Structures are given as C-alpha cells and as structure tokens.
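Structure first, then comments.
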Amino acid sequence: MSGIADAFARIRESQQPGLIAYVTAGDPSLSRTAEILVSLAQSGADVLEVGVPFSDPLADGPVIQRASERALASKTTLRGTLKMIREARSRIAAPIVLFTYANPILRMGEEAFVSAAVDAGVDGVLMLDLPVEEAGPFRARLVEAGIDPIFLLSPTTTDERIRASAALGRGFLYVISRLGVTGARDRIGGDAEPLVRRIRRHSDLPLALGFGISRPEQVAEAGRWVDAAVVGSALVNVIAEHGGDADVAAHAGAYVRWLKGRA
C-alpha cells in the first residue's frame, strides 16, 4: 500500500474528513517551506501538496499566482524543490504530492525527474496540464517507480474521461468543486455534489475536493461527499501574511488545526 493509500485508509477509519494542505515551494523561501511542511504535518494535515512555481499558472487564482511570482523571484526551481523535500522528508510523516505543470518536468527530463522524486520521498505527482489521453507513458514511469499519478476532474469532465482517470489514477482523484481558477470562496460550488456522484459511479478511489475551501464548516461539508478537503489559496494567503515572520510555520500550523477543529 502506498503512503497516500495508507493515509486515506486512516481517514476512512476515523470517519472524519481528511485535509490536504497545499503550499507553494519557495514562498517565502525554500528553507521556510520546509519548516511550514513540518508544522502542517504535525498539526494534522493528512496529505501535503507542494506546488512547483511556474511562470504561467493557468489554473491558479491571484493568491497562488503571486506566491509563484515570489518563489520564482527567489530562484526556486523544480530541482531545488525536490532537494528541499529530500532534506526535510525525515521530519515529515505525511505523504507528499508534487503539484506541477508539465514544462518544469519536460525541461528537467522525465527520467531525471522521476529518479529525483523517488530520492526525495515524493509519494504522488499531479501534473495539471497533462491530458489523461496523453498520460500513459509518464504515468507508467511513475507507477514503475512507486509514485502515485493523481488526476484532476472538473464539472465539465465527461464520463469517458472520468473512467480513464479512474483507470490510470492511484492514491486519490482530485475533484475541482467549480470551474475557473483557484481561490477561497464563501461556499462550495454547487456542481461539486453532482460531480462526485458521477465519479462514484466509475471509481472507488478516494476523492479529495478542492478549489474554494477555507473554513472548518466547508471542510465538514465536503466530508459529506468526499474523503478529504483540499485547502490551497487560503493557506497560501496565511503564509503570505506572515511570510516575514520567524514563526510563519507556526501560523500555518495553527490555521490547519483550526480547519481540523483542533484549535
């Protein structure tokens, strides 16, 4: 059983919604990101999602776009992100998913990337702009190396693509609650529950719901339909607000404890 599958087995056993916490690598710095990841895991995040900064993040809203800009300005790279994860891995019990666009991996080379990801202790990879119809060769590299390929599903995803993602995916499927870009919202998108019902007809993989979640009651609401909620922009915003503070990791951890009802 992979680290991600094991984490979701524990979530299901607890009968409480899990929480996946997203951060942008290198914001405010790679050394701070390592401290933040340790704090998030210790504060109850079930899975950690580490975003690789990219110059053209088409799926991301303004909060994560600005985080990527800050990270790129500090010279954060895919190789540097993997090095940071490797050096911090022994202090982090939670599984780690790398969240990236295709270009950084293609520049590094797929074989070199997969080798470095294994060495770093990465448990899963979600390549945002890789169509499921073209994912076979890269997915095979990941699976052979023991890394779970994660796929995104949105309200406009056809049943055919849901079936393909379910067949190729491992660990969990990432469900987008609404169309558009990332960002905290007051409510979970109305398309989320019907989409989850459609996915459940084709897959028994664990499901994580993201895009717009920022409050404990939203985590609880998501838990009625899926196994885990993903918090991204709201957490990145907490980090941005305290990025100059020595205790930014503590602030991030406190936010996760609040979302989990442990404050």
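The values are calculated or read from the model by the stated rules, or taken from the named source; none is laboratory data. Keep in mind it's a predicted model, so treat the numbers as computed, not measured. Every residue, glycine among them, receives a Cβ derived from its backbone with ideal geometry; neighbour counts consider all protein chains shown. Just the protein is used for accessible areas: all its heavy atoms, side chains included, with ligands, DNA and RNA removed. Shrake-Rupley method; radii C 1.70, N 1.55, O 1.52, S 1.80 Å.
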Sole miss for residue 111 among (1) more than 30 Å from residue 32 (Cβ to Cβ); (2) free of Cβ contacts under 8 Å to residues at least 12 places away in the same chain; (3) more than 18 Å from the chain's Cα centre (by Cα) is condition (2)
Just one listed residue, out of 156, 182, is among the polar types (S, T, N, Q), surrounded by fewer than 18 Cβ atoms within 10 Å (Cβ to Cβ), at pLDDT below 95 and part of a loop (DSSP other than H, G, I, E, B), and it is 156
Whichever residue in the stretch 139-153 is of a type in the set (Val, Ile, Thr) and not in a strand (DSSP E or B) and, among such residues, is least open to solvent (accessible area, probe 1.4 Å): 147
So for the stretch 248-261 (the condition being at pLDDT 95 or above and assigned to a loop (DSSP other than H, G, I, E, B)), does at least one residue qualify? no
Grab the helices (runs of 4 or more DSSP H) fully contained in the stretch 8-90, keeping just those with 3 or more residues being of a type in the set (Val, Ile, Thr). 30-42
What pairs come out if I take residues in the stretch 243-263 that are closer than 18 Å to residue 67 by Cα and pair them with residues that are among the acidic types (Asp, Glu) and open to solvent by 60 Å² or more (accessible area, probe 1.4 Å) whose C-beta lies under 6 Å away, six or more apart or interchain? 249/35
State all residues of the stretch 46-59 that are in contact (Cβ under 8 Å) with a residue 40 or more places away in the chain, in contact with a Leu (Cβ under 9 Å, 6 or more places away or on another chain) and either of a type outside the set (Gly, Ala, Ser) or open to solvent by less than 10 Å² (accessible area, probe 1.4 Å) (or both); if no residue qualifies, say none. 46, 47, 48, 49, 50, 51, 52, 54, 57, 58
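Residue-wise test of (1) in a helix (DSSP H, G or I); (2) of a type outside the set (S, T, N, Q); (3) under 17 Å from residue 49 (Cβ atoms).
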| residue | (1), (2), (3) |
| --- | --- |
| 104 | yes, yes, yes |
| 130 | no, yes, yes |
| 133 | yes, yes, no |
| 137 | yes, yes, no |
